[in-house]
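All remarks here apply to the structure that follows.
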Amino acid sequence: MTTYYGLYGQKVQYLASDPTDVQIGQVWYNSTSATLKVRAATTSGTWASGGNLNTARYGFGTAGTQTAALGFGGYIGGGAGVNTTTATEAYDGTTWTTVSSMPLARRYLGGCGTQTAALGFGGYVMSAPYKTGQTTAWSGSSWTVVNSMNTARTSLASFGTQTAAIGAGGDNYPPATGRPSNVTESYNGTSWTTVNSLNTARRGLGGAGIQTAGLAFGGYIETPVYQAASESWNGTSWTTTPSLNTGRNRVSGFGTQTIAIALGGYNGAATNSTELWNGTSWTATTNYPTAVDGAGTAGTNTAGLAFGGGTPASPAPSYSTVASQEWTGAGVGQTKTVTVT
Amino acid sequence: MAYKYCVAECWGKGFITHDDSSKFQVSGFPGNVWQIPADNQDANLWVNKVAGIWKTKAEAQAIVDVEVTAAQAAWDALPDAQKQAPIGRQRPTAIVLE
């Protein structure tokens, strides 16, 4: 009779808990849960529940990775003057912890960098002139106001690091006309410089990448409303690339210029649509577990994170969720339970 | 595709695992309603794991409708200034379960 030992020259380990250093193809029996387990390579990306935020919100600035993320600002509801927050939360891969607040409450702001060196810029504030170009740098323990953007705006695409960032497009509101922006600004750790504009002006677009290799996608303009356009940034200029399959406003994203995830958004209703960019085209991939728009994001295509966001019929005042979802991309080792039927 | 429904509260990490997600699609709706594929053993085991309470499609739809109606009423009661983009959200729309 063929045995596992005969095939692979190894025995199936009998362990009280899952091993920490496992290789793809490794099989073991977990005596505590009485389950046979295998470490397999994923064939497609998957979402799994992460820790819940302390404050439900959407439209916030974000930075970091799947296991070391930062979320700051956003819309929390609660009535005029109080529905935008300064709250900052840090994620350790399991739990969200409230840390030092931003100096200015705002939502629809840009964010990039890491959990210990992040940048927040732009956004919508609750008093005139409503839009801001304020830029704040996070040290890992507190926020410091640095030089502002040249063009105050909200709902912009953002990517890069604390000392090498890009803010692109966004919303010029107010005034109520001429809202979509095509302005791109580059930050060098000290000041912002206006650089070449997006080809398609829009607000509520997603972004991914670094200062010299970025991606912007989706968004909203008055006509034809929900945008699917995608553009690639080479550090100097934008080039139009194949569009998303589903146009949407307040789309979220993470990853790089050549492999990125676009998730959720609003196109008449919040959507759970998730798309994968492979450097050439966007294709539908595993849907987000719930419809969501304006979610925060962090990480890469192999290990991403989405958190919060507006959800259909979430209770007032925030209309948003505390839930987070961890993304594992295709080809990544994943522990699976073997089910025998 | 045929679906089944349950009600379960998402407690956070571990509620849906990558293992679950690789075996079947879970979709969440207002009122803690979760939709899973019918005739899927792994999905049935997941409902058991999360202590889900099975609902018929009509029952699940009724739960969703109550949540949407309440959210619409709350939105309608907002001052006009808070309804205008980008200040506020759009009015919640009806959701029809498949």
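The values are calculated or read from the model by the stated rules, or taken from the named source; none is laboratory data. What you are looking at is a predicted structure, and each value in this text was computed from that prediction instead of being measured. Here the Cβ is made from the backbone with ideal geometry for all residues, glycine too, and neighbour counts use every protein chain on show.
Residues that are surrounded by fewer than 24 Cβ atoms within 10 Å (Cβ to Cβ) and assigned to a strand (DSSP E or B) within segment A:232-254 comprise A:Ser232, A:Trp238, A:Thr239, A:Thr240, A:Thr241, listed in sequence order.
Note on segment A:49-82: residues that are out of contact with any Phe, Trp or Tyr (no Cβ under 8 Å at 6 or more places or on another chain) and part of a strand (DSSP E or B) amount to 1. Going residue by residue through segment A:331-341, is there one that turns out to be surrounded by 17 or more Cβ atoms within 10 Å (Cβ to Cβ), of a type outside the set (D, E, K, R) and within 21 Å of A:Gly207 (Cβ to Cβ)? Among the residues of segment A:331-341, not one is surrounded by 17 or more Cβ atoms within 10 Å (Cβ to Cβ), of a type outside the set (D, E, K, R) and within 21 Å of A:Gly207 (Cβ to Cβ), which makes the answer no. In this structure, A:Arg106 does not satisfy being within 14 Å of chain B (Cβ to nearest Cβ), touching a residue at least 12 places away in the same chain (Cβ under 8 Å), surrounded by 20 or more Cβ atoms within 10 Å (Cβ to Cβ) and under 21 Å from A:Ala270 (Cβ atoms). For segment A:42-65, the set of residues classified as more than 12 Å from chain B (Cβ to nearest Cβ), crowded, with 20+ Cβ neighbours inside 10 Å and β-branched (Val, Ile, Thr) consists of A:Thr62 only.
B:Asn32 meets each of the listed conditions (1) touching a strand residue (DSSP E or B) at 6+ places or on another chain (Cβ under 7 Å); (2) at negative phi apart from (2).
For segment A:115-137, the candidate set comprises residues that are at pLDDT 95 or above and over 20 Å from A:Tyr58 (Cα atoms); within that set, the residue that is surrounded by the fewest Cβ atoms within 10 Å (Cβ to Cβ) is A:Thr116. Restricting A:Thr212, A:Thr223 to those that are touching a residue at least 12 places away in the same chain (Cβ under 8 Å) and of a type in the set (Val, Ile, Thr) reduces the list to A:Thr212. Just so you know, in segment A:154-168 the residues that are farther than 16 Å from A:Gly294 by Cα and not aliphatic (A, V, I, L, M) include one that is nearest to the other protein chains (Cβ to nearest Cβ), and it is A:Gly167.
Per-residue answers, yes or no, for (1) under 15 Å from the mean Cα position of the chain (by Cα); (2) more than 7 Å from every other protein chain (Cβ to nearest Cβ); (3) in contact (Cβ under 8 Å) with a residue 24 or more places away in the chain; (4) under 26 Å from A:Val225 (Cβ atoms):
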residue	(1), (2), (3), (4)
A:Leu276	yes, yes, yes, yes
A:Thr283	no, yes, yes, yes
A:Ala295	yes, yes, yes, yes
A:Ala303	yes, yes, yes, no
A:Ala306	yes, yes, yes, yes
A:Ala323	yes, no, yes, no
A:Gln334	no, no, yes, no
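Among the numbered conditions (1) over 22 Å from A:Ala262 (Cβ atoms); (2) in the same structural domain as A:Leu305 (by TED's automatic domain parsing); (3) in contact with a strand residue (DSSP E or B) (Cβ under 9 Å, 6 or more places away or on another chain), the only one that A:Phe121 does not meet is (1). Against the numbered list (1) surrounded by fewer than 20 Cβ atoms within 10 Å (Cβ to Cβ); (2) closer than 30 Å to B:Ser21 by Cβ; (3) not assigned by TED's automatic domain parsing to the domain that holds A:Ala216, A:Ala68 comes up short only at (3). Counting only strands (runs of 3 or more DSSP E) that sit completely within chain B, those holding 3 or more residues that are away from chain A (no Cβ under 12 Å) correspond to B:3-7, B:53-55. Among the residues of segment A:176-226, those that are among the hydroxyl-bearing types (Ser, Thr, Tyr) and either crowded, with 19+ Cβ neighbours inside 10 Å or within 27 Å of A:Ala270 (Cβ to Cβ) (or both) comprise A:Thr177, A:Ser181, A:Thr184, A:Ser186, A:Tyr187, A:Thr200, A:Tyr220, A:Thr223, A:Tyr226. The set of residues in segment A:256-296 being among the small types (Gly, Ala, Ser) and either surrounded by 24 or more Cβ atoms within 10 Å (Cβ to Cβ) or in contact with a helix residue (DSSP H, G or I) (Cβ under 8 Å, 6 or more places away or on another chain) (or both) consists of A:Ala260, A:Ala262, A:Gly264, A:Gly265, A:Ala270, A:Ala291, A:Gly294, A:Ala295, A:Gly296. Of the residues making up segment A:100-140, those that are of a type in the set (A, V, I, L, M, F, W, C) and not in a loop (DSSP other than H, G, I, E, B) number 6.
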